[in-house]
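A.B. asks: I have a structure I would like to understand better, so I am pasting it below and will then ask my questions one at a time.
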Amino acid sequence: MNYTQSEEYLFNTMPVGRAIASLAVPTVISQIVTVIYNMADTFFVGQLGDPNQVAAATVALPLFIFITALANLFGVGGASLISRCLGQGDRQKAGHTAAFCIWSAIAVSLIYGIAVLLLRPVLLPLLGADAETFSYSSSYMLYSIGLGAMPAALNPMLAHLVRAEGHSRQASLGVAFGGILNILLDPFFIFVLDLEIAGAGIATLLSNLAAAGYFALFLHKIRHETAITISPRQYTLGQCIPGEVLSVGLPSCLISVMGAISNTVLNHFTAGYSNAAMAGMGIAKKVNLLAFAVGQGITQGTLPLIGYNYTSGNRQRMLKAIYGLLIGCLAVSLLITVLLYFGAAPITRWFINDAETVSHGCTFLQIICLTCPTSTFIFFAITAFQATGKRAQPIFLSLVRKGTTDVLLMPLFYHLIGINGVAWASPAADLVGVIIALAVLLPYLRRLRQMPASPVPKHP
């Protein structure tokens, strides 16, 4: 079976449950491995026994989230358009879309990395660095973000594009390769070369470069079969590609941007309390990112299946994919919540053996893990709109939780409850988001059920 036949079988014929699993499972693995990049740094830095260096890694987290935002802007938006182009049989436009996403991501991430390098003295205090964490944060960001922004953005972005054509396993392998390499390099640079937190940044940089090389070699290998191209000659601003990519990718980008804003405000509250509290929150947030990654991985992995069948006019298969996605992602997210809540203490202790940091980290993790089912449902709602080419609804839903509602609630809950109140702001904000998502999504699902069984126009 050649690639085209394999693509047709996956998107048109394979039982929906199997198709969701074949797309979602590798995507979840990719998302988890991406989180492990940062978790590995925190874990190995934590073995130094210095809460200040763990706090320094926490300071850099919002800037890493901005890189994720760039990857999602071009990756999710590109994957959605590519899958819809393939559903319409327009492989030429799919190729132009891929080239636009790849080269735009390279340019924007390079500019971002240079900006971080130049603005570190200004950015670090704004992100919550103090005299004890400033130098550590600066050296870590030099390598991992300043020099490493471009490969760090390319890897998840390329994984999205490759996945849109049905190559979920290869996308996961590329991301996993980088993650495993990071885990191997961290102890070498941190302990063997005695570079401490700077070594973690170097390990992250080299791992991302290696993973980017993997994707380049894979696309070169299948260049005669795939619609995805890295050739700059295929780059275009025509055919409405920039507008379609950016408008659909913007919600996923905004989720990350608003998350970065939320984390920055959170850093200020916890840093003002103690560096141990900030380190504990950093551990809790990174562990919870695993739950976040699973929910986002399942939904984004299924996006091409929904989008393909939407544009091909297969209403029944599209609806089966949507409802199957809903059941699967909620079941998995509830299980993860239970595991994190009851395992919070040993999980936190695994990162660092500092009593005060562990105490804060355990409490924070038990609170913020409650957001796993709610955030997953919101991701599901956003994905249902993105996959069908809708623009306004995903943007709206991306703005009603992180960086807005939770930021408004943090000072109120801090005043009422104390330092734990800033953590409770996240579940409260997510509850508001779920209510709004239900109000927007349910009428749209009713309209989808009434959709005629014929291909939709190119610009839905």
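Just so it is clear, none of the values below were taken in a lab; they were calculated from the coordinates. Source: prediction; values computed, not measured. Cβ coordinates were reconstructed from backbone atoms using ideal geometry, including for glycine residues, and neighbour counts include every protein chain displayed.
A.B. asks: Take a quick pass over the chain and tell me how many lysine pairs come in under 22 angstrom between Cα atoms, counting only ones 8 or more apart or on separate chains.
C.D. replies: Values: LYS93/LYS221; LYS93/LYS390; LYS93/LYS458; LYS285/LYS402; LYS286/LYS402; LYS320/LYS390; LYS390/LYS402; LYS390/LYS458.
Lysine pair count for the chain: 8.
A.B. asks: How many nm is it between the label spots at LEU237 and GLN47, if each spot is 7 Å from the Cα in line with the beta carbon?
C.D. replies: It is 4.9 nm.
A.B. asks: Considering Cα pairs under 8 angstrom that are at least six residues apart, work out the relative contact order of the chain and quote it in whole percent.
C.D. replies: 24 percent
A.B. asks: Where the centroid of each part is defined by its Cα atoms, how far is segment 171-241 from segment 84-138 in Å?
C.D. replies: After rounding, the separation between the Cα centres reads 14 Å.
A.B. asks: Just want the answer: with Cβ charges of +1 for Lys and Arg and -1 for Asp and Glu, which residue in ASN314, LEU195, ILE65 is farthest toward the dipole's positive end in the chain?
C.D. replies: The one lying farthest along the dipole's positive direction is ASN314.
A.B. asks: Which residue, chosen from ALA94, PRO151, SER207, occupies the Cα position most advanced towards the positive end of the dipole of the chain, where the dipole is computed from +1 (Lys, Arg) and -1 (Asp, Glu) charges on Cβ about the Cα centre?
C.D. replies: Of ALA94, PRO151, SER207, it is ALA94.
A.B. asks: Taking the alpha-carbon centroid of each part, what is the distance from segment 287-350 to segment 357-390 in angstrom?
C.D. replies: That distance is 10 Å.
A.B. asks: Sticking with this structure for a sec: So how do 67-75, 154-162 stack up, highest first, on mean other-Cβ count within 10 Å?
C.D. replies: Details: 67-75: 26.9, 154-162: 28.8.
The peptides rank, most packed first, as 154-162, 67-75.
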